[in-house]
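The values are calculated or read from the model by the stated rules, or taken from the named source; none is laboratory data. Because the structure is predicted, anything quoted here is derived from the model rather than measured. Cβ coordinates were reconstructed from backbone atoms using ideal geometry, including for glycine residues, and neighbour counts include every protein chain displayed.
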Amino acid sequence: MNDPSLCPLLQVDLDAIAANTRQLSALTTAGLLAVVKADAFGHGVTEVARTALDHGAVFLGTATLQEALAVRGSGIDAPLLCWLTGPFTDFGPAVRARVDVAAPTVRHLDAVAAAARATGRRARVHLHADVGMARDGAPAELWGVLCRHAARLERAGLIETAGVMGHLGCADDPADPHTGDGLTRFRRAVAQARRAGLRPVYRHLAATAALMTSPDTHQNLVRIGAGLYGIGPSGTDVPLRPATTLTAPVTTVRDVPARTPVGYHHGHITDRPTRLALLPLGYGDGLPRAAQGRAQVLVRGRLRPVVGEFSMDQIVVDVGDAGVEPGESVTLLGPGRRGEPTLGHWAAWARTLPHEICTALGRAARIERRHLPAQARPAHHLEIPA
Ligand SMILES: *Cc1c(COP(=O)(O)O)cnc(C)c1O
């Protein structure tokens, strides 16, 4: 058990996730696949998956098979895809749990087919094409072979090619020509799959950035991670709601004179008599050290600087003349409505992405995570016109 008087608290507002799911679904006629990898970007996979499904998502997606099986283990029955597996993975558990699997290589197809044979059930695959980022899809020169192999395994009754997927690397910039190139390659890959005799029902290429910037990439399914959590590409005006708020109780306070050195290597020296407040979390809990010297937190309605080096377990805030007392709560980040820093501020301070900050905080064993429930979905079908 964490000591409650010392425990930072990460609150996840499921109503924000619900609202974001509805907002993002409304941008497209394609179905929405909610990406809940990395414990739903640190927000809690079970809670987020249920919320997204309740508010319009039609599919769930994870990176690893282990993550997908955890979703099934929590009793969620919705269509579910995982896209990062090895060519020697035992896909038996995937087939038994009705988890769709992305296949970027012939070896993956063979491993999936072996699992189908062993379980006596047809496996569902989504062929994964590289459309220009040289990461996890099949390169164009191997795509034909992959499609023909999938067609053979279909005829043998072992697999069903439920989908074709690709992923865009530069869609956060609507002017980047690589997005158009990626779309062309994707269309070519789908056409080639059809010529091989495959009938992929789901064709999916866009993630959050492409959903918001490039409508022609939507196909009939969009895979949405960041946007669900209120993280959108810069320059778009869709009002997404950040879902996390991180607070921590002040552990102790001390009044110090001017010229007091603070923390490791005396990374800060006070320039006036002031009050220092200690917070019980540090880089071991996901606060990026790269933000030191820039980070601020909200104390009694005012931004106050974090001073000195971040320690693994603690940081020090210069609260100035605020009469802060041990035990009172300080806000490290939130939606920004009360002037508190946001995930975006932390990402800028640490010169990283908001994604990296929220996945790290969500993993922190010493931070308690609590979920605030979503409001019920507006039940339009119950409204009787006058
Ligand atoms: C993480 C991931 C996504 C989600 O991307 P966002 O930009 O967070 O929406 C979609 N597809 C794949 C293959 C991914 O790895």
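Selection of the range 226-245 for residues being surrounded by 20 or more Cβ atoms within 10 Å (Cβ to Cβ) and not β-branched (Val, Ile, Thr) yields Ala226, Gly227, Leu228, Tyr229, Gly230, Gly232, Leu240, Pro242, Ala243. Of everything listed in (1) surrounded by 16 or more Cβ atoms within 10 Å (Cβ to Cβ); (2) not in a helix (DSSP H, G or I), the single unmet condition for Thr29 is (1). Of the residues making up the range 106-135, those that are surrounded by 16 or more Cβ atoms within 10 Å (Cβ to Cβ) and within 16 Å of the ligand (Cβ to nearest atom) number 9. Restricting the range 341-362 to residues that are more than 16 Å from the ligand (Cβ to nearest atom) and in contact (Cβ under 8 Å) with a residue 60 or more places away in the chain, the residue that is nearest to Asp15 (Cα to Cα) is Thr342. Candidates in the range 72-84 are the residues that are in contact (Cβ under 8 Å) with a residue 24 or more places away in the chain and surrounded by 24 or more Cβ atoms within 10 Å (Cβ to Cβ); of these, the one that is farthest from the ligand (Cβ to nearest atom) is Leu81. Among the criteria (1) within 16 Å of the ligand (Cβ to nearest atom); (2) β-branched (Val, Ile, Thr); (3) surrounded by fewer than 16 Cβ atoms within 10 Å (Cβ to Cβ), the one Val99 does not fulfil is (3). The condition (being β-branched (Val, Ile, Thr), crowded, with 22+ Cβ neighbours inside 10 Å and at pLDDT 95 or above) is satisfied by just one residue among Val145, Val164: Val164. If only residues of the range 1-26 that are acidic (Asp, Glu) and not in a loop (DSSP other than H, G, I, E, B) are counted, the one that is farthest from the ligand (Cβ to nearest atom) is Asp15. Considering only residues in the range 32-50 that are part of a helix (DSSP H, G or I) and out of contact with any Ser or Thr (no Cβ under 6 Å at 6 or more places or on another chain), the one that is nearest to the ligand (Cβ to nearest atom) turns out to be Ala40.
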